[in-house]
1. Suppose we keep only residues that are aliphatic (A, V, I, L, M) and modelled with pLDDT under 85 within segment 256-274. Which one would you say is surrounded by the most Cβ atoms within 10 Å (Cβ to Cβ)?
2. Take the residues in segment 170-199 that are modelled with pLDDT of 90 or more and in contact with a helix residue (DSSP H, G or I) (Cβ under 6 Å, 6 or more places away or on another chain); name whichever of them is nearest to Phe266 (Cα to Cα).
3. Would you please name the residue that is modelled with the lowest pLDDT, looking only at residues in segment 292-351 that are of a type in the set (Val, Ile, Thr) and within 30 Å of Val52 (Cα to Cα)?
4. Can Thr199 be described as part of a helix (DSSP H, G or I), β-branched (Val, Ile, Thr) and either over 30 Å from Leu326 (Cα atoms) or touching a residue at least 60 places away in the same chain (Cβ under 8 Å) (or both)?
5. Taking only pairs six or more apart or across chains, which ones have beta-carbon atoms under 6 Å, a first residue in segment 130-159 that is in contact (Cβ under 8 Å) with a residue 12 or more places away in the chain, and a second residue that is β-branched (Val, Ile, Thr) and in a loop (DSSP other than H, G, I, E, B)?
6. Just one of (1) under 30 Å from Gly233 (Cβ atoms); (2) touching a Leu at 6+ places or on another chain (Cβ under 9 Å) trips up Asp146, so point out which.
7. Could you please find all residues in segment 235-244 being surrounded by 14 or more Cβ atoms within 10 Å (Cβ to Cβ) and under 21 Å from Val70 (Cβ atoms)?
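The values are calculated or read from the model by the stated rules, or taken from the named source; none is laboratory data. Values in this document were obtained by computation on a predicted structure and should not be read as measured data. Please note: Cβ atoms are built from the backbone with ideal geometry, for glycine as well, and neighbour counts cover all protein chains shown.
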Amino acid sequence: MPANFTAFMAFRYALGRLGRQGRSPANTTNVNSVGALALAGLVISIAVLVFVTCVVNGFERELRERLLRVLPHITATSEQGIASAALPEMTNLPEASGLLALAPVVRSSGLLAANGRVVAAQMTGIDKQYWAVSALDQFVDAGRLDELQNASFGMLMGSRLAAELGLAIGDDVVLLLADQRVSIAGALPRQKRFTLVATFRSQSQLDATGVFVSLAAAQRLLRMPGRVHGVQGRMQDLFDSYAASQYLYQQLAAMAPWVRTWMADFGTLYQAIAVQKATLFLLFSLLIAVAAFNLVSGLIMIVEQRKGDIAILRSMGSSRWAVLRLFSSLGVMLGVAGTVAGIAVGLLLSWIVPSLVNAASQLLLQDFMSQYFIGYLPVQILFEDLLLIAGLAVSTTVLASLYPAWRAMGLQPSQVLANE
């Protein structure tokens, strides 16, 4: 059979049309129903795999490009504090250090009080060099960031934290620190009134806990003139922390520094995302395999229904291999159709579901993503993943179609036509 005729016949069988009169409508309906259900199972399996893969890719991207852009990659601190004169060079770092930039910081846990509400927060005192370590300045959504250094006691605050305290730009907020000072009245918490000059929205957990003040204000509040708690840095390679750690150990050896990288807090999460992606891909690939092999029953029923057609083709001179190509082509068509439909549905889910989750969160006043490091459902579509899923689905359906095609190839025209 010519290739175009083979494709035409396969397409005709895929549509479930009857080639000859005298076929039972009920039998045809059953065959079409079995094939449609098998194809629907393939579409659903592929769609779920595409959606799950896109979501896992989204979490990996947000951890890498959002959270790790905002948070410093490495921190070196000392219990006794570090004199400003003893700090290593902050700019023009040698390439062998594994660092792109360093910035001094003063950190302390405390409480924020405003409008009759009290919320726990993490205060960080920073200077202008900090924006070379963190991209937090790119997520400022209200106010002016330059006021943080210009104002004596200005504060940069996460948007969720500001909303929880009912604050707007220009409002005052009291910061109470855990450090205590002893007076004639007893132990009193250290406190200071700050003015909110800007807010940021990074859509991460930092929005609900982070506050930033000028380094000078933090030193004055904590009574650390000329001293800082440590330095924070940005590494050249996220996954190569050895050089950066050794450099900070050597530069701050006299202060017995404690060096901590982002992997101490989020390394397990990053590895878990990678393992979860591989595991979910394997599990849903098995579902695709099951759905693809369900097509075998549909194809076998088509072969049984089309035995007369096959016998006539054979008696007109078609070879057994031509029959094999015909039903293999039918399997390929069904596999390609199911794959295209499944990927389309998966992409549609990836586009709709995040919006539905956000809408449901706002409608029900529930943060469904509160247990994660971001406040929304992330999605990232990678072409290479779609290509891998498509190749896996089509190849599986092709393998599944070989057995029905082999059965069609083995039919004897004389036996079939004797009963017609």
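1. Initial filter on segment 256-274 (aliphatic (A, V, I, L, M)): 256, 259, 263-264, 269, 272-274.
With modelled with pLDDT under 85 added as a condition, the list becomes 256, 263-264, 269, 272-274.
Working: Ala256: 10, Met263: 16, Ala264: 12, Leu269: 16, Ala272: 12, Ile273: 19, Ala274: 12.
Residue satisfying both the conditions and the ranking: Ile273.
2. Among those that are modelled with pLDDT of 90 or more and in contact with a helix residue (DSSP H, G or I) (Cβ under 6 Å, 6 or more places away or on another chain), it is Thr199.
3. The first filter runs over segment 292-351 and keeps only residues of a type in the set (Val, Ile, Thr), leaving 296, 300, 302-303, 310, 312, 323, 332, 336, 339-340, 343, 345.
Imposing the further condition that a residue be within 30 Å of Val52 (Cα to Cα) reduces the set to 296, 332, 336, 339-340, 343, 345.
Values: Val296: 72, Val332: 77, Val336: 84, Thr339: 89, Val340: 91, Ile343: 92, Val345: 93.
Only one residue tops the list, namely Val296.
4. On the way: part of a helix (DSSP H, G or I): no; β-branched (Val, Ile, Thr): yes; either over 30 Å from Leu326 (Cα atoms) or touching a residue at least 60 places away in the same chain (Cβ under 8 Å) (or both): yes.
Taking the combined requirement at face value, the residue does not satisfy it.
5. Ala142/Ile169; Gly143/Ile169
6. (2)
7. Residues of segment 235-244 surrounded by 14 or more Cβ atoms within 10 Å (Cβ to Cβ): 235-236, 238, 241, 243-244.
Listed by number, the residues that qualify are Met235, Gln236, Leu238, Ser241, Ala244.
Yes/no per residue for (1) among the small types (Gly, Ala, Ser); (2) touching a Pro at 6+ places or on another chain (Cβ under 7 Å); (3) buried (at least 19 other Cβ atoms within 10 Å of the Cβ):
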residue: Ala36; (1), (2), (3): yes, no, no
residue: Ile46; (1), (2), (3): no, no, yes
residue: Val56; (1), (2), (3): no, no, yes
residue: Glu62; (1), (2), (3): no, yes, yes
residue: Arg69; (1), (2), (3): no, no, no
residue: Pro72; (1), (2), (3): no, no, yes
residue: Gln80; (1), (2), (3): no, no, no
